[in-house]
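Just so you know, all these numbers are worked out from the coordinates, no wet-lab data involved. Computed from a predicted model, the values in this text were never measured in an experiment. For neighbour counting, all protein chains shown are included, and Cβ atoms are generated from backbone atoms with ideal geometry for every residue, glycine included.
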Amino acid sequence: GNSVTQMEGPVTLSEEAFLTINCTYTATGYPSLFWYVQYPGEGLQLLLKATKADDKGSNKGFEATYRKETTSFHLEKGSVQVSDSAVYFCAPHRSYSSASKIIFGSGTRLSIRP
Amino acid sequence: EAQVTQNPRYLITVTGKKLTVTCSQNMNHEYMSWYRQDPGLGLRQIYYSMNVEVTDKGDVPEGYKVSRKEKRNFPLILESPSPNQTSLYFCASSFLATAVETQYFGPGTRLLVL
């Protein structure tokens, strides 16, 4: 069946460190790939997305590239800030005949130390 | 401001006492859905709606009901809540139910069933 495997947290880094959060998925067809972020006490919001192979999504210094050959969509940022502390969810969206199906990873909690 | 609103934000209730969590969006979105978020499990879809009067089960529908009488509103009903429904609930909406659409989330409703 369709599934997504996301790097387990919590991840704790110092400010200005390099960040990678791994995400791999299994799905038939070609899903669109999303990263959502959940800041403390808030709902999820879109961080970035890529809708076809080799596309790169980027936002707020974060990047992720749709790798069809490895079915991965790893999230990276070159220099994290304290304000990046949040929970990050990888979420493939796949179209069905009647509706899209979104599979959320279990989430990776990121804490950045000043 | 474009948004998804949920009420109440926090709710403590007792087993068997019917409750409704409201969800409303002001973006004229066709697709709406409900998720529950539990530690280590990510987000799991409860019900979704493609449009007015069109609803369907998600992955964990047992113990829940929904209705979609108006495009903007999608209430979640727990007819007889039980302690295993203690969770954080999110309503989400998107313009259409296709794979490329971004989901917009409400702020969440934290429910405790005693």
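Structure summary
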| item | result |
| --- | --- |
| Number of the condition not met by B:Cys91 [criteria: (1) facing another protein chain (nearest Cβ under 8 Å); (2) under 10 Å from the mean Cα position of the chain (by Cα); (3) of a type outside the set (D, E, K, R)] | (1) |
| Residues located in the range A:50-62, provided they are within 13 Å of the chain's Cα centre (by Cα) and surrounded by fewer than 17 Cβ atoms within 10 Å (Cβ to Cβ) | A:Lys56, A:Ser58, A:Asn59 |
| Strands (runs of 3 or more DSSP E) within the range B:1-63 that include 3 or more residues facing chain A (nearest Cβ under 10 Å) | B:31-38, B:42-51 |
| Selection count, the range A:25-37, where residues are in a strand (DSSP E or B) and either in contact with a helix residue (DSSP H, G or I) (Cβ under 6 Å, 6 or more places away or on another chain) or surrounded by 18 or more Cβ atoms within 10 Å (Cβ to Cβ) (or both) | 7 |
| Only one of A:Ser79, A:Ser72, A:Ser83 that is in contact with a Ser or Thr (Cβ under 6 Å, 6 or more places away or on another chain) and of a type in the set (Gly, Ala, Ser) | A:Ser72 |
| Cβ pairs under 8 Å, 6+ apart, first in the range A:7-33 and at positive phi, second not in a loop (DSSP other than H, G, I, E, B) | A:Gly29/A:Arg94; A:Gly29/A:Ser95 |
